[in-house]
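The values are calculated or read from the model by the stated rules, or taken from the named source; none is laboratory data. Fair warning: this is a prediction, and the values are worked out from it, not measured in the lab. Heads up, the Cβs are rebuilt from the backbone with ideal geometry, glycines too, and the neighbour counts pull from every protein chain shown.
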Amino acid sequence: MASKPKPVRNVNPSRRFRFIALIFGCFVVIAVTFFMVSKPQTPFLANEINNEKNDPVFDSSIKEDKNIHELAGTTTETENGGTKSSDLSSNQDKSHNGLALIPTHSNYTIHDQTQEDSKIIQLGEQIQILERKPLCDVSDPRTDICEMHGDIRIHGSSSSVIFTESSTSPKTQHKESWRIHPYPRKGDATCFARVRELTVEATSNVAPECTATHRVPAVVFSTGGYAGNLFHDFTDLLVPLFATARQFDGEVMLAVTDLSVKWMEKYRLVLEKISNYPVIDLDEDKQVNCFAQVIVGLRAYNEFHIDPARTPNGYTILDFTKFMRSTFSVQREAPLNIEDFSGRRPRLVIIARRRTRAFTNTAEIVATAEELGYEAVVADTTLDLARFARVVNSGDVMMGVHGAGLANMVFLPPNATLIQVVPWGGLEWMATVDFGSPAEEMGLKYEQYSIGVEESSLREQYPREHAVFTDPMSFHRRGFHVLRSTFLENQNVRLDVGKFRDVLWRALENVLQ
């Protein structure tokens, strides 16, 4: 009887081996694929990619406050008067966690990584630098201002401020160009007729060679326009200059167009406190002055106002008044209190105008004030600014008709009172904007007195039924030049001291509280 065939094990050993090898190979492929997909790119691979680029590579750990010369590769002075160039290539191999920044450029705005306003976005493992915002901001209704970081060359003879591209930046046929009046009274054609226009441009074309290179920033502005009028000296120039340049703590150069020697001498103490360096007269200077940071124009807001949210270091108008009192070394800096009057009477400083909006009965005003307990002092406006500042600072109350002389309120001690007398003509809005609101921001008490028809010299020029008295706002609607010639340039004030007595009494109460 034939025997049954037995089961056979390992009938085909070679086939079983191939099957096991196939399973093992699949596992290895899956593991390697998972490892390569999930693992970040190594620094070695990042460097491999960077080395294939011709663009400069910047360390992503660079901070904004790093020396600009280290970032831009610009030419700077050495201690022995020579020049040197920072080596941009020395930074090309640096990376932060294996991540290197490669600058890109738009065709409209040309810039390199030194411009601090460049924006960066990350897409996956790629870094892209968006185009920077324009060099100049012309959106503000009061002022145009340009801020630049990099290689900036100021050529006064050609009225040009040139932002130049670094030699490693890609060339382009496009350039950015602006026309700027560096005086903060935008839209005023009469003012700008006295302000030299400058051209601010960014270009990769050949720029004029530097003949003077400076380590500190520059602020460019004009002393044309309405400079010379005390109100405009403060609200158009000194307050904006403080808001723009004080952040540098003296380590800044001032480059001035339309330079007035008289103006510079009058405010010499202020300028020396703002800058440790001689002023550059751009109208006469033949040099090509080179800087790593330049601001063209001045930060300006409302009259006698500083917006801390938009100002470096969060400055306010209180900081400005403190700065002015310190600059002119006035003695009274602390707020007033009742103990200050234990041995003296409160002092009233009367600002006496000479040509227009003058008090015609000053002696009556003084007598009334002294009856109430004041020591009245009529301020001599012919004094130099330093001496006048000390007179104002000695006062507890200052009064005057609406006009430039009230700008001296910056020298009053904290908690003092300002009394503004408003001439006839519907000028209350102007008085509030120019001095009323600013006085309160300065920490002063404020009183306002609007005169009546019988207190105005206009009653001697016009009949009582004239529109000057019956419809003064019609003169406003005809333009500021009509308003100015009618109510500001041809009007004096004879105060009704009986009515004004109440204002002096309220101010005295403010002082003695």
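Odds and ends about this structure:
- Scope the range 483-512; condition exposed (fewer than 15 other Cβ atoms within 10 Å of the Cβ) and within 12 Å of Pro346 (Cα to Cα); matching residues: Trp505, Glu509, Leu512
- Residues being within 22 Å of Phe388 (Cα to Cα) and not small (Gly, Ala, Ser) - total across the range 241-270: 12
- Annotation note: of Val288, Val239, Val270, the sole residue that is touching a strand residue (DSSP E or B) at 6+ places or on another chain (Cβ under 6 Å) and in contact (Cβ under 8 Å) with a residue 12 or more places away in the chain is Val288.
- Considering Val410, Val401, the condition of being β-branched (Val, Ile, Thr), at pLDDT 95 or above, in the same structural domain as Ala507 (by TED's automatic domain parsing) and farther than 14 Å from Leu488 by Cα is satisfied by Val410 alone.
- Some residue of the range 196-216 being more than 23 Å from Val252 (Cα to Cα) and at pLDDT 90 or above: no
- Scanning the range 214-231 for residues that are farther than 24 Å from Asp384 by Cα and either surrounded by fewer than 18 Cβ atoms within 10 Å (Cβ to Cβ) or without any contact (Cβ under 8 Å) to a residue 60 or more places away in the chain (or both) yields Arg215, Val216.
- Residues that are modelled with pLDDT of 85 or more, farther than 16 Å from Gln247 by Cα and not in a helix (DSSP H, G or I) within the range 298-331 comprise Tyr301, Asn302, Glu303, Phe304, His305, Phe328, Ser329, Val330, listed in sequence order.
- Among (1) under 24 Å from Val468 (Cβ atoms); (2) part of a helix (DSSP H, G or I), the one test that Arg357 misses: (2)
- Within the range 492-501, at least one residue is at pLDDT 95 or above and of a type in the set (S, T, N, Q).
- Annotation: of all residues in the range 382-403 being small (Gly, Ala, Ser) and in contact with a strand residue (DSSP E or B) (Cβ under 9 Å, 6 or more places away or on another chain), the one that is surrounded by the most Cβ atoms within 10 Å (Cβ to Cβ) is Gly395.
- Helices (runs of 4 or more DSSP H) fully within the range 423-497 that include at least 1 residues being closer than 29 Å to Tyr301 by Cβ: 428-431, 437-441, 473-477, 480-483.
- Consider the range 348-395 and keep the residues that are touching a residue at least 24 places away in the same chain (Cβ under 8 Å) and basic (Lys, Arg). The one that is nearest to Pro414 (Cα to Cα) is Arg390.
- One residue from Val252, Val195, Val261 being surrounded by 19 or more Cβ atoms within 10 Å (Cβ to Cβ), more than 18 Å from the chain's Cα centre (by Cα) and of a type outside the set (Ser, Thr, Tyr): Val195
- Restricting Ala363, Ala334, Ala369 to residues that are assigned to a helix (DSSP H, G or I), at negative phi and surrounded by fewer than 15 Cβ atoms within 10 Å (Cβ to Cβ) narrows the list to Ala363.
- Looking across Ala189, Ala207, Ala202, one residue alone is surrounded by fewer than 16 Cβ atoms within 10 Å (Cβ to Cβ) and over 22 Å from Tyr267 (Cβ atoms). It is Ala189.
- When restricted to residues that are in contact with a helix residue (DSSP H, G or I) (Cβ under 7 Å, 6 or more places away or on another chain), buried (at least 24 other Cβ atoms within 10 Å of the Cβ) and not in a helix (DSSP H, G or I), the range 404-418 contains 3.
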